[in-house]
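Comments concern the structure below.
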Amino acid sequence: RNREPMEIATTTTYGGFFKLSGSDLYTVRLAIRRDGEPRPIVLDFKYDHRR
């Protein structure tokens, strides 16, 4: 869980790395929390790691 800020194209962003343990179809869920917002923004991404 690496959430270090980084600058890309004059914009500050956050990123991280994680390991996918095997060939499978994954759903990656991001929950983004912003100051002052009552609920996080949740995004799901499908990733096919079977090939």
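The values are calculated or read from the model by the stated rules, or taken from the named source; none is laboratory data. What you are looking at is a predicted structure, and each value in this text was computed from that prediction instead of being measured. As a convention, Cβ positions derive from the backbone with ideal geometry for all residues, glycine included, and neighbour counts pool all protein chains shown. All accessible areas refer to the heavy atoms of the entire protein, side chains included, with ligands and DNA or RNA removed. Shrake-Rupley method; radii C 1.70, N 1.55, O 1.52, S 1.80 Å.
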For this session: Using the structure shown, decide if ASP44 is open to solvent by less than 100 Å² (accessible area, probe 1.4 Å), out of contact with any Cys (no Cβ under 7 Å at 6 or more places or on another chain) and either modelled with pLDDT under 95 or not in a loop (DSSP other than H, G, I, E, B) (or both).
Result: yes
Problem set entry | Flag for ARG39 being in a loop (DSSP other than H, G, I, E, B) and touching a strand residue (DSSP E or B) at 6+ places or on another chain (Cβ under 8 Å) | no
Seminar exercise, completed: Note on ARG51: of the conditions (1) assigned to a loop (DSSP other than H, G, I, E, B); (2) open to solvent by less than 90 Å² (accessible area, probe 1.4 Å), unmet is (2)
Exercise. Are there any pairs with C-beta distances below 7 angstrom linking a residue in the stretch 25-51 that is free of Cβ contacts under 8 Å to residues at least 24 places away in the same chain to a residue that is among the small types (Gly, Ala, Ser), with the two at least 6 apart or on different chains, and if so which?
Worked result: PRO40/ALA31; VAL42/ALA31
